[in-house]
């Protein structure tokens, strides 16, 4: 699945950058969006310092820890965020955009498998993509909120290092917190 | 797939409601240590306040003018209150009524309420109703100086000491003789961190005055509205009012001029709204109230507010607003007497014989209950509307 069809119409002579994923996919991304990934921003700024003619040239930034499917989602999310260089909207436009974003976010989460959330969070963390990290962290918190202890252990791959009688003690102490939990 | 780094796990956990976190203490020993860590508890509280998650009203049911049971009402969304559930509180004793003193973050300070004068040895507890744990304050005797025959609570207040990250209870006992104006005071402070009382030399500054409002904790300082005593004994204080403050960190009393100018002498209600001290006064017994917001000591802006009626709020008073927090995780468990199921209870209208005035702040919303002979209604004001007048 090639994503070089990611060519948006050049709206305001925004420079583009190319990101290369762990599975060797190339993504062409508007600079405004790519700069939300602070790791990329840092790399770009380091490159700029070392090579005077670097700006606008075809530097490909490698992201060996990020898979293409994951990057696609993060880029897609990044595009929906209010751009820092955008012209300030009036109140109505802002409200409409907010609603659109909410709708997009709901759609996005609906189609995600819980396991994918872990990948997205990992990648957003690696890319230092603050807004994405916040959004997906919250999504994961919402997902596990009502889950059982066993589910959470399995999900995060955590080993239970309690003795049975120790665990039993906590279950009794907070018995009411174990009520109404989702079935596994 | 590699495991998530601990900072990310912390972030995710800090977004969970209290009930989930108490359950996840069981997941593993490292999660237990993480959740119980004071830094995490702070982070979680901060998040909770920001997002109103776990926001709950703790209400006292008042029957015949006396405080009775406690109830909790969850209200995640503005102006929308879930059903009320009976809540067992830790000072539940046969024949003894418990009253909510105040609430700071999610810690509620409660004590035995009695109409008797000599109630200085009644129990006080600090309670987190959302995690169902509490700590009873150690009993602290009073030392009555010679020459005085009577003693009574002058004031008891609860607040958060910002500088020392500690929750404190202030107790002031007045000693007096019948018919004589002279009083002496004993001032003691309890610290939750040290779980002990200390007598402080600082004296209650105004000998001839009555506290005319509830106490409110803001920025590490306790505040009261006080009025100078009048010659006769009246419920409604007259005379010059001022604002009394007690700094919990330096443990000193300060007196300020009150910024409120009132035409009619009615009790003042204090609240905290948008991080500012808020004086709520009814200019007359009408439907409007005056709300004064104090930015700095001695200066306040007045706003007259009309209400937006909201339905569904249980008609009780003396409330505390809790946000979700794990504060007091290592306290004692609240035991339900008789282990009955939580039940919804019928609401009853309560008619007050005196004009009492309560308000409480529900995150950004000030809620002021009102009464008339037909029952009770509640008006709430949204802060944006309210602060529109504030330039």
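The values are calculated or read from the model by the stated rules, or taken from the named source; none is laboratory data. Because the structure is predicted, anything quoted here is derived from the model rather than measured. Ideal geometry is used to build each Cβ from the backbone, glycine not excepted, and the neighbour counts take in all protein chains shown.
Determine whether residue B:54 is modelled with pLDDT under 85, at positive phi and within 14 Å of chain A (Cβ to nearest Cβ). Spelling it out, residue B:54 is indeed modelled with pLDDT under 85, at positive phi and within 14 Å of chain A (Cβ to nearest Cβ).
When A:89, A:161 are checked against the criterion of being modelled with pLDDT of 90 or more and over 23 Å from the mean Cα position of the chain (by Cα), A:161 stands alone in meeting it.
Among B:260, B:255, which is at pLDDT 65 or above, part of a loop (DSSP other than H, G, I, E, B) and closer than 30 Å to residue B:183 by Cα? It is B:260. In region B:280-304, the qualifying residues are those that are modelled with pLDDT of 75 or more and more than 23 Å from residue B:49 (Cβ to Cβ), and the one that is surrounded by the fewest Cβ atoms within 10 Å (Cβ to Cβ) is B:296. When you check residue A:106 against the structure, is it away from every other protein chain (no Cβ under 14 Å), without any contact (Cβ under 8 Å) to a residue 40 or more places away in the chain and more than 19 Å from residue A:38 (Cβ to Cβ), yes or no? Answer is yes for this residue. Among the residues of region B:1-26, write down those that are more than 7 Å from chain A (Cβ to nearest Cβ) and in contact (Cβ under 8 Å) with a residue 60 or more places away in the chain. B:18, B:21, listed by residue number. With respect to being under 12 Å from residue A:71 (Cβ atoms), in a helix (DSSP H, G or I) and at pLDDT 65 or above, residue A:40 fits the description. For region B:130-163, residues that are within 21 Å of residue B:326 (Cβ to Cβ) and touching a strand residue (DSSP E or B) at 6+ places or on another chain (Cβ under 8 Å) total 11.
Considering only region A:111-181, give the helices (runs of 4 or more DSSP H) lying wholly within it that have at least 3 residues that are touching a residue at least 24 places away in the same chain (Cβ under 8 Å) and either on the phi < 0 side of the Ramachandran plot or more than 9 Å from chain B (Cβ to nearest Cβ) (or both).
Working: elements: A:114-127, A:130-144, A:149-156, A:164-173.
In region A:111-181, A:114-127, A:130-144, A:149-156 are the helices (runs of 4 or more DSSP H) which contain 3 or more residues that are touching a residue at least 24 places away in the same chain (Cβ under 8 Å) and either on the phi < 0 side of the Ramachandran plot or more than 9 Å from chain B (Cβ to nearest Cβ) (or both).
Taking the numbered list (1) away from every other protein chain (no Cβ under 14 Å); (2) touching a residue at least 24 places away in the same chain (Cβ under 8 Å) in turn, residue B:141 passes all entries but (2). Take the residues of region B:6-26 that are touching a helix residue (DSSP H, G or I) at 6+ places or on another chain (Cβ under 7 Å) and in a loop (DSSP other than H, G, I, E, B): which is farthest from residue B:324 (Cα to Cα)? Restricting to residues being touching a helix residue (DSSP H, G or I) at 6+ places or on another chain (Cβ under 7 Å) and in a loop (DSSP other than H, G, I, E, B), the top hit is B:26. The set of residues from region B:27-49 being within 22 Å of residue B:164 (Cα to Cα), within 14 Å of chain A (Cβ to nearest Cβ) and either modelled with pLDDT under 80 or not in a helix (DSSP H, G or I) (or both) is empty.
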